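**Student:** Got a structure for you, written out below as structure tokens; questions coming shortly.
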């Protein structure tokens with residue numbers, strides 16, 4: 001079972017905190033090191049209805065093309081695809097450090113019976129997925145059916161025990177700080193390795209406000225249990241300066257121990273080229 005706590009800040013207080021954190025200078029690494037870290041934390045994705053073998057192979061080649069040890073340029077963290085393309089991506093990335101992630105469990109709407117969601121997750125893992133990106137049932141959450149939301153995440157957690165589980169909250173649909181904080185708590189309690197802002201499929205995706213609220217839930221959990229949970233900002237982040245702001249927020253709230261692709265990801269394929277151009 002789980003207990004939900006109310007978010008301790010109202011929207012005005014949240015805005016003030018965010019403004020204060022945004023003024024803090026990045027003192028823990030120089031800009032070039034930050035760009036390299038950001039590139040290493042990106043999940044490259046292709047999640048379109050028109051996806052096919054050619055598109056997935058091209059994405060995998062793009063992920064590998066960034067890597068340049070002579071220039072100390074890292075590879076991206078993962079490539080994220082729909083379940084039917086996991087095996088293709090796994091074969092293309094064989095021998096690299098790039099992980100294969102798959103959206104599964106009725107992405108992006110989450111509107112399927114739990115049996116169907118679990119079956120899709122098991123299929124993706126069987127095909128070779130190292131990571132599963134699932135999305136919560138926002139309709140159930142907004143009706144206050146929190147136990148059902150928890151039970152679904154837990155069932156998917158049990159269906160992929162050896163894969164990293166990223167739980168997408170779709171914060172643009174949750175809207176309020178209280179909802180985002182409660183959804184974060186539920187996902188963490190149910191066994192999420194990561195909590196993730198968005199699917200990238202709606203109008204409002206990652207925002208600094210939602211990111212801060214989610215980090216507050218992660219920090220609370222860490223203080224109580226000593227267990228680190230990762231966070232992923234996804235959707236709408238295409239400018240390197242915006243990515244730097246998220247990294248700065250991450251370290252200001254959670255600390256430098258979260259500066260690892262094990263605990264921080266950015267889902268923003270357009271960002272990768274722009275960050276790569278910044279690396280000298």
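**Student:** I need the helices (runs of 4 or more DSSP H) fully contained in region 1-94, keeping only those with at least 3 residues that are under 27 Å from residue 258 (Cβ atoms).
**Tutor:** The qualifying helices (runs of 4 or more DSSP H) are 11-22, 31-40, 53-65.
**Student:** Has region 168-184 got any residue that is in contact with a helix residue (DSSP H, G or I) (Cβ under 6 Å, 6 or more places away or on another chain) and farther than 28 Å from residue 20 by Cα?
**Tutor:** No, region 168-184 has no match at all.
**Student:** Restricting attention to helices (runs of 4 or more DSSP H) lying wholly within region 137-241, give those where 3 or more residues are over 24 Å from residue 257 (Cα atoms).
**Tutor:** Because the criterion is at least 3 residues that are over 24 Å from residue 257 (Cα atoms), the helices (runs of 4 or more DSSP H) in region 137-241 that meet it are 138-142, 146-159, 171-174, 177-189.
**Student:** Take the residues in region 95-136 that are in contact with a strand residue (DSSP E or B) (Cβ under 8 Å, 6 or more places away or on another chain) and assigned to a helix (DSSP H, G or I); name whichever of them is nearest to residue 170 (Cα to Cα).
**Tutor:** Checked region 95-136; the qualifying residue nearest to residue 170 (Cα to Cα) is 117.
**Student:** Scan region 253-265 residue by residue and report those that are under 22 Å from residue 17 (Cβ atoms) and either buried (at least 21 other Cβ atoms within 10 Å of the Cβ) or in contact (Cβ under 8 Å) with a residue 24 or more places away in the chain (or both).
**Tutor:** The answer is 253, 254, 256, 257, 258, 259, 263, 264.
**Student:** Give 36, 99 a once-over and let me know the one that is within 30 Å of residue 128 (Cβ to Cβ), out of contact with any helix residue (DSSP H, G or I) (no Cβ under 9 Å at 6 or more places or on another chain), crowded, with 18+ Cβ neighbours inside 10 Å and touching a residue at least 12 places away in the same chain (Cβ under 8 Å).
**Tutor:** 99
**Student:** Answer with yes or no whether residue 208 is closer than 22 Å to residue 135 by Cβ, surrounded by 22 or more Cβ atoms within 10 Å (Cβ to Cβ), touching a residue at least 40 places away in the same chain (Cβ under 8 Å) and out of contact with any strand residue (DSSP E or B) (no Cβ under 7 Å at 6 or more places or on another chain).
**Tutor:** no
**Student:** With respect to residue 156, is the statement that it is more than 14 Å from the chain's Cα centre (by Cα), touching a residue at least 24 places away in the same chain (Cβ under 8 Å) and closer than 24 Å to residue 238 by Cα true?
**Tutor:** no
**Student:** Out of (1) modelled with pLDDT under 95; (2) more than 27 Å from residue 65 (Cβ to Cβ); (3) within 13 Å of the chain's Cα centre (by Cα), what's the single condition that is false for residue 210?
**Tutor:** Every condition holds for residue 210 apart from (1).
The values are calculated or read from the model by the stated rules, or taken from the named source; none is laboratory data. Treat the numbers as computed from the prediction; the structure is a model and nothing was measured. Cβ atoms come from the backbone with ideal geometry, glycine included; neighbour counts cover every protein chain shown.
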